[in-house]
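The values are calculated or read from the model by the stated rules, or taken from the named source; none is laboratory data. As the structure is a prediction and not an experimental result, all values here were calculated from the model. When we count neighbours, we look across all protein chains shown, and the Cβ atoms used for this are built from the backbone with ideal geometry, even at glycine. These area figures cover heavy atoms from the full protein model, side chains too; ligands, DNA and RNA do not enter into them. Shrake-Rupley method; radii C 1.70, N 1.55, O 1.52, S 1.80 Å.
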Amino acid sequence: MEFEYWWLLAFPLFFALGWLAARIDIRQVVTESRTVPNSYFRGLNFLLNEQPDKALDAFLEVVKLDPETIDLHYTLGALFRKRGEIDRAIRMHENLLERETLAEEDRLKALAELGQDYLKAGLLDRAEAVFTRLLETPFAGQARRFLLEIYVQEKDWQKAVQAADELDKQSAQPMNAEIAHFNCELATLDMVKGDTDSAHAHLDKALSIHRQCTRANIMLGDLQAGAGDREGAIATWRLIEAQSPGHMVLVVDRLLDNFKQLNRLDEGLDWLKGLLTRHPSLDLFTTLYHAVMQSQGAEAAYQLAREELRRNPSFHALERLAEAELITAPEDRREVIQNAKSLIQSHVQRLTRYHCASCGFKAKQFFWRCPACGRWDSFDPARHEE
Ligand SMILES: [Zn+2]
């Protein structure tokens, strides 16, 4: 039998492994692993097996056995809050705060967590008190953001303006769009009270802070129209096209109505046709269609729908076409057209919604602030067919 020379290479390797093994103190490894409670590993195991409930129980046991695991307290508290178990989160953070030996930084951190628990639970007064206490601490930036959220929820727009102002000064995040909205909210309250001077002042302020604030121009136009200055209102509303063409759909009805009141509806319709050519939109077309139907009759409305269908095919335009055709069609064809129209209508109702670009929330009406995620200006004013 021939001797395999490569075996010679294996001897030094075995020697090196033996030398290494002698230097690793197995006992030390075992002792160290014993200092971490078994429940910790059980918890991790449950997490890996996607059993979060059992994992939580295991981690709670760790916290009971070893109260020094402060970070685990935060993690568990945040987890409870996220799952909607606010009572447990509150208890966890309150227990932590009761410890006399707690370091100052941990005390502030636990307080910030508790404030978030209160906020999630809707206990706004308590949350406000906690975050106000944190304003003089290193947690001030975070506290200010939560305070702003509280003021918005409470609809305390004056305080919201102040908090946003502070945030704007202290952080790199510009807040001017939000501050403009808060001023518009204040103007809305003024208008309800009939204080038009104050409403004007708040809207002017909104525009001086954020020139692109379409909402302020919409409301300024409303104020002017309300005071009988229709010409002025039309001019103000038309400024919105340069700010954000998409937002024109929000005022186009009022605009046409004021043209009509001034006995200049034809001028208004021509302007709207121009706008629709510059910025195609389902809602602009629908407004124009109804105005044409009302002032020039079904034949003109039918032609308009046909033209639109050719330029921008949509179920919306198809529905309008069927509607106009139904009026002009001879008696014996009406049933067929009516059936087709109903079918298209039920389809269109499901398709056209306003969308939040931030969280995807869908709604039948337009919102300046998303009711689901709380973002301002996240809704596209144009409805789209999906
Ligand atoms: Zn949203």
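To the nearest ten degrees, helix 176-193 and the longest principal axis of the Cα atoms of the chain are 50 degrees apart. Kindly express, to the nearest 10 degrees and within the range 0 to 90, the angle between helix 252-261's C-alpha long axis and the longest C-alpha principal axis of the chain. Helix 252-261 and the main axis of the chain meet at about 20 degrees. Toward the positive end of the charge dipole of the chain, with +1 on the Cβ of Lys and Arg and -1 on the Cβ of Asp and Glu, the farthest Cα among Leu265, Trp237, Tyr74 is that of Leu265. Each Lys and Arg contributes +1 and each Asp and Glu -1, all at the Cβ; summed about the Cα centre of the stretch 138-197, the dipole is approximately 240 debye. Computed from Cα positions, the angle between helix 7-23 and the longest principal axis of the chain comes to roughly 90 degrees. Assuming a ≥ b ≥ c are the square roots of the Cα gyration tensor eigenvalues, decide whether the stretch 282-335 counts as rounded (a/c under 1.5), prolate (otherwise, with a/b larger than b/c) or oblate. Oblate shape, in that a/c is at least 1.5 and b/c is the bigger or equal ratio.
Based on protein heavy atoms only, the chain ends up with 59 Å² per residue of surface accessible to a 1.4 Å probe. The relative contact order of the chain comes to 6 percent, based on Cα pairs under 8 Å that sit 6 or more residues apart. Placing unit charges on the Cβ atoms of the charged side chains and taking the dipole of the chain about its Cα centre, the candidate lying farthest along the positive direction among Gln173, Gln345, Gly122 is Gln345. Entry note, the chain: the mean residue ellipticity at 222 nm calculated from DSSP H runs of n ≥ 4, each adding -39500 (n - 2.57), is -23000 deg cm²/dmol after division by the residues and rounding to the nearest 500.
On the accessible surface of the stretch 185-342, probed at 1.4 Å, how many percent belong to carbon and sulfur atoms?
Reported share for carbon and sulfur atoms: 51 percent.
Charging the Cβ of each Asp and Glu at -1 and of each Lys and Arg at +1, and nothing else, the dipole of the stretch 81-148 about its Cα centre rounds to 360 debye. Taking 4.7 Å between C-beta atoms as the pairing limit, the chain has these partnerless cysteines: Cys184, Cys213. An oblate overall shape is assigned to the stretch 267-386, the ratio a/c of its alpha-carbon gyration tensor axes (a ≥ b ≥ c) being 1.5 or greater and a/b not exceeding b/c. For the chain, the Cβ-based charge dipole about the Cα centre amounts to some 420 debye (Lys, Arg positive; Asp, Glu negative; other atoms uncharged). For the stretch 99-107, backbone phi angles converted through the Karplus equation (6.51, -1.76, 1.60; θ = phi - 60°) give residue-by-residue couplings of 5, 6, 8, 5, 5, 4, 5, 5, 5 Hz, Gly and Pro being listed as x.
Judged by the ratio a/c of the largest to the smallest principal axis of the C-alpha gyration tensor, the stretch 156-256 counts as oblate, that ratio being 1.5 or greater while a/b is no larger than b/c. Here Ser171 and Lys82 are evaluated by their C-beta separation; at R0 = 35 Å the FRET efficiency comes out at 0.90.
With 36 Å as the cut-off, how large is the P(r) tail for the chain, expressed as percent of Cα-Cα pairs? Roughly 52 percent, once rounded to a whole number.
For the stretch 143-248, averaging the sequence separation of C-alpha pairs within contact (under 8 Å, six or more residues apart) and dividing by the residue count gives a relative contact order of 17 percent.
If R0 equals 25 Å, the separation of the Cβ atoms of Gln158 and Ala363 corresponds to a calculated FRET efficiency of about 0.35.
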